[in-house]
Amino acid sequence: MAKDNDILELADGGTLTRVVAVRLRPGTDVLLGLEEACKRANISNGVILTGMGSLNGVKYCNPIELEDSPSGYGYGAPLELVGVIELTGMSGIICHDAEGNTNLHVHVDLSDRHGGGHGGHLVEGTKVLLTTDVIIAEIGGKVNMGRAFDKELGVPIFNPTQIEV
């Protein structure tokens, strides 16, 4: 059972105010394309509800032990899958930093040509093969979707805050 102090941040009262459907073209960098879609739709507070498609190689990260990190863990060099990869699922949060710059944290579920499963934190360098289709929802109301570097952990973290209306 979770204890009260297990929850670091809690913001309540958000609503999904708008849904945006995005189709990325072949050759597009997935992460950069999603950032551009958020910019065009003026979304810096939101969630990636789902995503699927085909990719021409993938770059992603998973946590590893890092002696130099304050927490002992972090992200090292990206893992890379080459060739045709099926994007079987995508989710994420659309946040912003203190200056208002959009900051995406996207995770992907992947299947290689042999049906092997892979997944992790998406980084730049993943290209669309045929199409990548993504559904984004904007969050309005009383939830501020912040993201900032945490010195104690040594990684950027989700930092939701309550907006008083």
- Can you give me the relative contact order of the chain as a percent, contacts being Cα pairs under 8 Å and 6 or more apart? 34 percent
- Whole-Hz ³J(HN,Hα) from phi, Karplus 6.51 cos²θ - 1.76 cosθ + 1.60, for segment 38-52, glycine and proline x: 5, 5, 5, 8, 6, 10, 10, 10, x, 9, 8, 6, 6, x, 7
- Amide H of T126: which non-local residues (sequence gap of 5 or more, or other chain) have their own amide H closer than 5 Å, using H built in the peptide plane? V30, L31, K59
- Note on the structure: Checking L87, L104, L79 against a Gaussian network model of the chain (alpha-carbon springs below 10 Å), the top fluctuating residue turns out to be L79
- Task: Output ³J(HN,Hα) for segment 57-62: one whole-Hz value per residue in order, computed from phi by the Karplus curve 6.51 cos²θ - 1.76 cosθ + 1.60 with θ = phi - 60°, and x for Gly and Pro.
- Result: x, 9, 10, 8, 10, 10
- Message: I'd like to know which of H121, G46, I64 lies farthest towards the positive end of the charge dipole of the chain, counting +1 on Cβ of Lys and Arg and -1 on Cβ of Asp and Glu.
- Response: G46
- Item | Exposure proxy order (Cβ contacts within 10 Å, fewest to most) of V106, V143 | V143, V106
- Task: For segment 34-133, state what percent of all Cα-Cα pairs lands in each successive 5 Å bin, counting from 0 Å until the bin that includes the largest distance.
- Result: 3, 12, 21, 21, 19, 14, 8, 3, 0
- Item | Structure-based [θ]222 nm, the chain - -39500 (n - 2.57) summed over DSSP H runs of at least 4, per residue, nearest 500 | -2500 deg cm²/dmol
- Which residues' amide hydrogens lie under 5 Å from the amide hydrogen of I139, considering only partners 5 or more residues apart or on another chain, with H built in the peptide plane? T17, N45, G46, V47
- When the chain is modelled as a GNM with alpha-carbon springs shorter than 10 Å, which of K39, K151, K127 fluctuates the most? K151
- Please compute the net charge surrounding G76, taking Lys and Arg as +1 and Asp and Glu as -1 over other residues with Cβ under 13 Å from its Cβ. -3
- Query: Roughly how many debye, to the nearest 20, is the charge dipole of segment 1-154 about its Cα centre, given +1 on each Lys and Arg Cβ, -1 on each Asp and Glu Cβ, and no other charges?
  - Reply: 700 debye
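Each value in this text was obtained by applying a stated rule to the coordinates, not by laboratory testing. Worth saying up front: this structure is predicted, and the values here are computed from it rather than measured. Here Cβ is always computed from backbone atoms with ideal geometry, including for glycine, and neighbour counts include all displayed protein chains.
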